[in-house]
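The values are calculated or read from the model by the stated rules, or taken from the named source; none is laboratory data. Being a predicted model, the structure only gives us computed values, none of them experimental. For neighbour counting, all protein chains shown are included, and Cβ atoms are generated from backbone atoms with ideal geometry for every residue, glycine included. Ligands, DNA and RNA are stripped out before the accessible areas are found, and what is left, the full protein with its side chains, is counted by its heavy atoms. Shrake-Rupley method; radii C 1.70, N 1.55, O 1.52, S 1.80 Å.
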Amino acid sequence: PRLAIRYMIDDRQSVKLSYNRMVQNTHLISAGTVPVPFNTWNPSGYYLKPQLADQIAAGYFRNFTDNMYEFSAEAYYKNIQNVTDFADNAEIFFNEDLSTEFRQGKAWAYGLELMVSKTTGKLTGSLAYTFSDARRKVKGVNLDRTFAANYDRRNVANLQLAYDANAKWTFGANFTYSTGRPTTLPTGKFEYQNYNPDVITERNGYRLPAFHRLDLSATLTPRKNANRRWHGQWVFSVYNVYNRKNPFTIYTRTTKNSDGEVVGDGRTKEARMVYLFPILPSVTYNFKF
């Protein structure tokens, strides 16, 4: 069932209230205790009950200056049953009975979304900010203690701008910022018969550094010919303009020097960061006929 109600205060502002109950029979299961994030999809069945979510949301919306500007504020709360995660110390790789490592519990999330946008004129765009908190509690995971969900990002901000210089050229800019995602890191290690495993004490107990980048683009639309059926458009863009090293994940390894040689007796470990794409220019040609 889904319910949505809108009340018009006047012709420029309104309030909205909604409720949704959703059932999902496919589970996205992530493991944060391995060096590279590991995700798998599994259907509901003998080991997995379908996920059940209830969400309520309330918002306020208003237009200004003859609808040139729009503002919205919306708060939400979501409660989820039967979320799925890997058990502590799960055997993930080369496990023919991977489903026996699944555990199910509950999750909840809440947040506030704010957005202001300009919809008319040569310069258009929007600025959005979201504060959110997403938690999980699953028996057999994190010693049965509450922990941050893998997708928990406390602060997210997005700025989008578009400027129509003339009939041919449009320039765009997109800036995004978000709190780093949760990650699981070892707090120590032990040795047993030449085996040197990490000691994990808390699921998603750390966070990666913040993520942010700026993208720029210029779109060239040649003058249209009424008799021509083919219409093309060139897009020149630069991804991650200031070449930000945005972290993707952290993994641990035996300490090595710059030449890749093991340092000392090989008993010490170090943390290594893996980054996403650096600055990346591109040219795209779009056409329709």
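Can you find, within the stretch 214-233, the residue that is farthest from the chain's Cα centre (by Cα) among those that are among the small types (G, A, S) and open to solvent by less than 60 Å² (accessible area, probe 1.4 Å)?
Step one: filter the stretch 214-233 for residues among the small types (G, A, S), giving 217-218, 226, 232.
Filter once more, so that each one left must be open to solvent by less than 60 Å² (accessible area, probe 1.4 Å): 217-218, 232.
Numbers: S217: 23, A218: 26, G232: 33 Å.
Restricting to residues being among the small types (G, A, S) and open to solvent by less than 60 Å² (accessible area, probe 1.4 Å), the top hit is G232.
Taking the stretch 122-172, which residues are surrounded by 14 or more Cβ atoms within 10 Å (Cβ to Cβ), assigned to a strand (DSSP E or B) and among the aliphatic types (A, V, I, L, M)?
Across the stretch 122-172, the qualifying residues are L127, A128, A134, V138, A148, V156, A157, L159, L161, A162.
Given the conditions (1) farther than 21 Å from F171 by Cα; (2) modelled with pLDDT of 95 or more, report the number of the one that S237 does not fulfil.
Result: S237 passes all but (1).
Could you name every one of the strands (runs of 3 or more DSSP E) located completely within the stretch 1-84 that has at least 1 residues being over 25 Å from P182 (Cα atoms) and touching a Phe, Trp or Tyr at 6+ places or on another chain (Cβ under 6 Å)? I'd like the intermediate steps shown before the answer.
Values: elements: 2-8, 13-24, 26-31, 38-43, 51-64.
Fully inside the stretch 1-84 and qualifying: 2-8, 13-24, 51-64.
What are the residues in the stretch 70-95 that are open to solvent by 50 Å² or more (accessible area, probe 1.4 Å), hydrophobic (A, V, I, L, M, F, W, C) and modelled with pLDDT of 90 or more, if any?
Hit for the stretch 70-95 is F71, nothing else.
Could you tell me which of the residues N39, N67 is under 30 Å from S117 (Cα atoms), polar (S, T, N, Q), open to solvent by 60 Å² or more (accessible area, probe 1.4 Å) and at pLDDT below 95? Talk me through it step by step, then tell me what you get.
Details: N39 fails: under 30 Å from S117 (Cα atoms).
It is N67.
Sort out which residues of the stretch 234-273 are part of a strand (DSSP E or B) and exposed (fewer than 12 other Cβ atoms within 10 Å of the Cβ), and write them in order of number. Spell out the reasoning first.
At the first step, the residues of the stretch 234-273 found to be part of a strand (DSSP E or B) are 234-239, 247-254, 256, 262, 269-273.
Once the filter is applied, which keeps residues that are part of a strand (DSSP E or B) and exposed (fewer than 12 other Cβ atoms within 10 Å of the Cβ), the stretch 234-273 yields R253, E270, A271.
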